[in-house]
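This report concerns only the one structure given below.
The values are calculated or read from the model by the stated rules, or taken from the named source; none is laboratory data. Bear in mind the structure is a predicted one, so any value in this text is a computation, not a measurement. Cβ atoms come from the backbone with ideal geometry, glycine included; neighbour counts cover every protein chain shown. Just the protein is used for accessible areas: all its heavy atoms, side chains included, with ligands, DNA and RNA removed. Shrake-Rupley method; radii C 1.70, N 1.55, O 1.52, S 1.80 Å.
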Amino acid sequence: MLSRYLPVFIILALIAEVLGTVGGFGSSVFFVPIANFYLDFQSVLGITALYHVSSNITKIAFFRKGLDKKVIVQLGIPAVIFVIVGGYLSRFLDPVILTYLLGIFLVVLSLAFLIFKKLIVKPTAKNAVIGGTLSGLSAGILGTGGAIRGITLSAFKMNKDKFIATSAVIDLGVDFSRTIVYYFNGYMRKDLLYLIPILIVIGIAGTWIGKQILNKMSQEQFRYIVLILILGIGIASIIGNL
């Protein structure tokens, strides 16, 4: 089925990469539902993990001056640990129910930050660990944890470059870990590996386009767009399974 619609798939994947870069939390939140139209869920998990490794390396190269090493450790280590747990659990849990729960969670949190503009989550180690744990579990089970990580980093009110670079480094560790788990779960289909070089090119092009858009945005506009995108992802997660 995918080969018949490959040009459409490529265009949609490019849009997902641009939006993921502008939002600062990676393309998987958009790419996973797109790929679900063409592939079975387990194959989507496998191809997304491989794709995201190259995509995040590109983001790190473009935004490397903004790294926050402290947040990378506090949020990244639990994310990497729990993506392995989530990847293992993905064999046993119903992704439909979990997608509903994720959607509700994202809608509630994004609306809270949009409506109550003075609402602040303190940038503490505890909050970073909680955000990393939840994003890691979500990435392992559902194939995407960027929106939860985006909510956490947005709450910390990081500047654009720091937000994207820090998120990309954490995401790289998460994707590398879950790629290994998915491989042993049997999610890596050899007949789909031809997509990897195509997706690498899409990752580079989409990140570059996203960076040009970000250069024209203010910090407040960036934070607002992040929350709007996360709200949209939450609504789509709920409606998509009705």
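Some notes on this structure:
- Residues in segment 72-86 that are within 15 Å of G146 (Cα to Cα) and open to solvent by less than 60 Å² (accessible area, probe 1.4 Å): 8 in all.
- Some residue of segment 52-69 being over 26 Å from E220 (Cβ atoms), open to solvent by less than 40 Å² (accessible area, probe 1.4 Å) and over 15 Å from the mean Cα position of the chain (by Cα): no
- Of residues in segment 148-161 being assigned to a helix (DSSP H, G or I) and under 16 Å from K59 (Cβ atoms), the one most open to solvent (accessible area, probe 1.4 Å): D161
- Considering residues of segment 107-143 that are open to solvent by 20 Å² or more (accessible area, probe 1.4 Å) and closer than 17 Å to A236 by Cα only, the residue modelled with the lowest pLDDT: L109
- Inclusion of I104 among residues that are touching a residue at least 60 places away in the same chain (Cβ under 8 Å), farther than 22 Å from I164 by Cβ, part of a helix (DSSP H, G or I) and open to solvent by 30 Å² or more (accessible area, probe 1.4 Å) is warranted.
- Qualifying residue in segment 153-164 (condition: in contact (Cβ under 8 Å) with a residue 12 or more places away in the chain and hydroxyl-bearing (S, T, Y)): yes
- Filter result (touching a Ser or Thr at 6+ places or on another chain (Cβ under 8 Å) and part of a helix (DSSP H, G or I)) within segment 107-124: F113
- When V96 is tested against (1) within 16 Å of G150 (Cα to Cα); (2) open to solvent by less than 80 Å² (accessible area, probe 1.4 Å), exactly one condition is not met: (1).
- A168 vs. criteria within 28 Å of L39 (Cα to Cα) and either open to solvent by less than 20 Å² (accessible area, probe 1.4 Å) or not in a helix (DSSP H, G or I) (or both): yes
- Unmet requirement for F92, which otherwise passes all of (1) in a helix (DSSP H, G or I); (2) free of Cβ contacts under 8 Å to residues at least 40 places away in the same chain: (1)
- Number of the exception - Y38 against (1) of a type in the set (S, T, Y); (2) crowded, with 22+ Cβ neighbours inside 10 Å; (3) outside any helix (DSSP H, G or I): (2)
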